[in-house]
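J.: Mind looking over this structure? Questions follow.
The values are calculated or read from the model by the stated rules, or taken from the named source; none is laboratory data. For clarity, every value in this text was computed on a predicted model and none was experimentally measured. So basically every Cβ, Gly included, is an ideal-geometry build from the backbone, and we count neighbours across all protein chains shown.
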Protein chains: 2
Amino acid sequence: MTIDHDCPGLLPEPPAAELRLEAVLHALADPTRLRIVAELAGAGGDELNCLAFELPVTKSTLTHHFRVLREAGVIRQHRRGTSKMNTLRVEDLAARFPGLLDAVLAAAVRCTRADRPAAR
Amino acid sequence: MTIDHDCPGLLPEPPAAELRLEAVLHALADPTRLRIVAELAGAGGDELNCLAFELPVTKSTLTHHFRVLREAGVIRQHRRGTSKMNTLRVEDLAARFPGLLDAVLAAAVRCTRADRPAAR
């Protein structure tokens, strides 16, 4: 785990060239983490505060999920004051695993729709 | 876990419409299982016997990996005599999660190449 940017507040992350497929797939293989990734994708590159995610898990569980995503190289985290700000590493993932994130996000949307009861 | 084909010897598997993204990603998030999937993809639809896979794991570990793949819906397994024959559920995966298997297989090939020492 190394830091590949000279950027204050950046939390440790793997450099783009060292992203491991198994770690990325493992990070994505969880419904809470998929929701985090889908929300970050929907933010279009904007940083989102960890506190902005309304998910039905405890704060410590959420912190764990963010760490798994960061250590796999799926997200980038900066400390800003007492907050942690998150972005998706879209370019790094696309360069190393072309099409993978898009396919996972599209599948996640389809599954969410299919699992949701139809509106009346 | 249900059987969606009236086919003797078919081992239990989820029907195509019930494949879960998290389960598929989890099944793929392992280097041994990725190698199995890559070999089956390379077989172009042919059935491969479990014994045909030369992987550096024990027989019981290999059996476990095949079961994880089958229960996630990534592979189909038939008993034929004392053998288990395996195929990749390419069409089912493509219908439910378009582009996902292709992106994972392409990424697996890239990673294998990158990890291998250059030939001299």
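J.: Among B:Gly42, B:Gly73, which is without any contact (Cβ under 8 Å) to a residue 12 or more places away in the chain and either surrounded by fewer than 16 Cβ atoms within 10 Å (Cβ to Cβ) or touching a helix residue (DSSP H, G or I) at 6+ places or on another chain (Cβ under 8 Å) (or both)? Please lay out each step first, then the result.
T.: On the way: B:Gly73 fails: without any contact (Cβ under 8 Å) to a residue 12 or more places away in the chain.
Criteria check complete, one pass: B:Gly42.
J.: Looking at B:Leu25, B:Leu21, can you tell me which residue is hydrophobic (A, V, I, L, M, F, W, C), over 14 Å from the mean Cα position of the chain (by Cα) and at pLDDT 95 or above? So that I can check it myself, show each step before the final result.
T.: Values: B:Leu25 fails: over 14 Å from the mean Cα position of the chain (by Cα).
It is B:Leu21.
J.: Of the residues B:Ala94, B:Ala27, which is surrounded by fewer than 16 Cβ atoms within 10 Å (Cβ to Cβ), among the aliphatic types (A, V, I, L, M) and closer than 21 Å to A:Asp102 by Cβ? Please lay out each step first, then the result.
T.: On the way: B:Ala27 fails: surrounded by fewer than 16 Cβ atoms within 10 Å (Cβ to Cβ).
Within the list B:Ala94, B:Ala27, the selection yields B:Ala94.
J.: For the structure I just gave you, tell me whether A:Glu54 is among the charged types (D, E, K, R), in a helix (DSSP H, G or I) and more than 14 Å from chain B (Cβ to nearest Cβ). Spell out the reasoning first.
T.: Working: among the charged types (D, E, K, R): yes; in a helix (DSSP H, G or I): no; more than 14 Å from chain B (Cβ to nearest Cβ): yes.
When the stated conditions are applied, A:Glu54 does not pass them.
J.: Next question. May I ask you to say which residue of B:Pro8, B:Pro15 is in contact (Cβ under 8 Å) with a residue 12 or more places away in the chain, of a type outside the set (D, E, K, R) and more than 10 Å from chain A (Cβ to nearest Cβ)? Explain how you work it out, then say what you get.
T.: On the way: B:Pro8 fails: in contact (Cβ under 8 Å) with a residue 12 or more places away in the chain.
On inspection, the qualifying residue turns out to be B:Pro15.
J.: Can you pull out every residue in segment A:92-111 that is more than 8 Å from chain B (Cβ to nearest Cβ) and within 13 Å of the chain's Cα centre (by Cα)?
T.: Our first condition is that a residue be more than 8 Å from chain B (Cβ to nearest Cβ); within segment A:92-111, this holds for A:92-95, A:101, A:105, A:109.
Once the filter is applied, which keeps residues that are more than 8 Å from chain B (Cβ to nearest Cβ) and within 13 Å of the chain's Cα centre (by Cα), segment A:92-111 yields A:Asp92, A:Leu93, A:Leu101, A:Leu105.
J.: Could we say that B:Leu21 is among the hydrophobic types (A, V, I, L, M, F, W, C), farther than 29 Å from A:Ile36 by Cβ and surrounded by 13 or more Cβ atoms within 10 Å (Cβ to Cβ) here?
T.: Working: among the hydrophobic types (A, V, I, L, M, F, W, C): yes; farther than 29 Å from A:Ile36 by Cβ: no; surrounded by 13 or more Cβ atoms within 10 Å (Cβ to Cβ): yes.
Criteria not met by B:Leu21.
J.: Separate question: Being of a type outside the set (Lys, Arg), within 13 Å of chain B (Cβ to nearest Cβ) and in contact with a strand residue (DSSP E or B) (Cβ under 7 Å, 6 or more places away or on another chain): is that true of A:Val68 here? Steps first, answer last, please.
T.: Details: of a type outside the set (Lys, Arg): yes; within 13 Å of chain B (Cβ to nearest Cβ): yes; in contact with a strand residue (DSSP E or B) (Cβ under 7 Å, 6 or more places away or on another chain): no.
No; evaluated as a whole, the condition is false for this residue.
J.: Any idea which of B:Ala41, B:Ala94, B:Ala103, B:Ala107 is in a helix (DSSP H, G or I), at pLDDT below 95 and of a type in the set (A, V, I, L, M, F, W, C)? Don't jump to the end; show me each part of the working.
T.: Details: B:Ala41 fails: at pLDDT below 95; B:Ala94 fails: at pLDDT below 95; B:Ala103 fails: at pLDDT below 95.
From the options B:Ala41, B:Ala94, B:Ala103, B:Ala107, the qualifying one is B:Ala107.
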